[in-house]
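In what follows, a structure is listed as structure tokens, so that the remarks can point back to it.
Derivation of every value follows stated rules applied to the coordinates shown; laboratory data play no part. Since this is a predicted model, take the numbers as computed values, not measurements. Neighbour counts are summed over all protein chains in view; Cβ atoms, including those assigned to glycine, are modelled from backbone coordinates with ideal geometry.
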Amino acid sequence: MTKAEIQHIRSLGDKRTRDAEGLFIAEGDKLVEEILSSRLRVRKVYTTRSDMSGAVIEQIDRRDMERISALKTATTTIAVVEQPRHKLNISNLDGRLTLALDGVQNPGNLGTIIRLADWFGIEDILCTKECADCYNPKVVQATMGAILRVRVHYVDDLAAMLVSLRDKGTAIYGTLLDGQSIYTTELRQEGIIVMGNEGRGLSDACRAVVSHKLLIPPYPATRSTSESLNVAMATGIVLAEFRRRG
């Protein structure tokens with residue numbers, strides 16, 4: 001493996017390079033095998049395994065794998081993959097649930113949310129530009145393959161898009177401390193569920209658009225407890241309750 005190849009793969013850890021080249025890195029045998037059987041275009045697969053072969057597969061030694069891996073413990077297989085280009089058609093969101101993320105910046109949280117969306121049948125996620133990059137290696141790893149099935153869209157003005165959808169009759173759900181208990185509120189199997197930033201929650205602009213304010217209550221309600229839930233954990237609870245009602 002050449003120094004240039006090593007430098008190129010390592011450079012894809014930077015968002016600017018990923019965006020400029022339209023590529024991302026996927027690590028791990030299971031994930032790479034899923035990608036190879038998907039519609040995504042694979043530029044190259046590097047592996048230390050002797051049982052893999054093909055036009056895009058290159059055998060490398062353990063030392064080179066450790067040089068290109070972004071994981072603390074290097075995997076045995078890494079793929080360089082072309083980023084899919086998803087076109088967002090707002091009309092396609094009608095009649096189903098969609099997630100919107102307002103400034104979710106932690107890669108692990110974003111990856112877990114994408115995995116949750118896949119589990120609960122959410123096909124599209126709308127993200128503000130402040131959200132973590134869905135092709136960050138940590139995000140890709142945390143999705144456990146869900147990035148292949150869930151379409152992630154970055155929008156310039158999420159609040160304005162939500163206003164447009166609300167004005168057309170779409171329900172806009174948001175988790176807020178002044179909301180009503182999610183367990184007693186009527187929930188539809190269509191609309192937009194907006195989840196906020198890890199520290200500040202929903203921005204003022206998105207908060208103003210929410211038509212259905214939801215609260216995940218602590219138990220018991222009078223008990224002193226944590227100030228808030230992790231955004232990925234909260235997303236899992238919200239999606240599970242929506243689907244339980246379906």
Task: Charge dipole (the chain, unit charges on Cβ, about Cα centre) - positive-most of Val209, Leu97, Met161 - done: Leu97
Task: Segments 124-133, 108-117, 215-224, 15-24 sorted - mean Cβ within 10 Å per residue, highest first - done: 108-117, 124-133, 15-24, 215-224
Task: Distance cut-off 26 Å, percentage of C-alpha pairs in the chain lying past it - done: 43
Open item on the list: Using each residue's phi in region 45-52, evaluate 6.51 cos²θ - 1.76 cosθ + 1.60 at θ = phi - 60° and report the 3J(HN,Hα) Karplus result to the nearest Hz, with x for Gly and Pro.
Closed with: 10, 10, 8, 9, 7, 8, 9, 10
Open item on the list: From the phi angles alone, apply the Karplus equation (6.51, -1.76, 1.60; θ = phi - 60°) to region 194-199 and give each ³J(HN,Hα) in whole Hz, x where the residue is Gly or Pro.
Closed with: 9, 10, x, 4, 4, x
Task: Separation of alpha-carbon centers, region 142-219 and region 106-129, rounded to whole Å - done: 12
Task: Fraction of antiparallel bridges per DSSP, the chain only, in percent to nearest 5 - done: 30
TODO: With 31 Å as the limit, write out which pairs from Lys3/Lys87; Lys3/Lys72; Lys15/Lys213; Lys87/Lys138; Lys44/Lys87; Lys44/Lys72 have Cα-Cα distances beyond it, or answer none.
DONE: Lys3/Lys87; Lys15/Lys213
TODO: Using per-residue counts of other Cβ atoms within 10 Å, averaged over each peptide, order 27-34, 91-98 from highest down.
DONE: 27-34, 91-98
TODO: Please turn the phi angles of region 222-230 into ³J(HN,Hα) values with the Karplus equation 6.51 cos²θ - 1.76 cosθ + 1.60 (θ = phi - 60°), one per residue in order, whole Hz, x for glycine and proline.
DONE: 8, 7, 5, 9, 4, 5, 7, 9, 4
Open item on the list: What's the ranking of 232-240, 204-212 by average number of surrounding C-beta atoms within 10 Å, highest first?
Closed with: 232-240, 204-212
Task: Computed label-point distance, nm, for sites Asp14 and Val163 using a 7 Å Cα→Cβ extension - done: 3.7
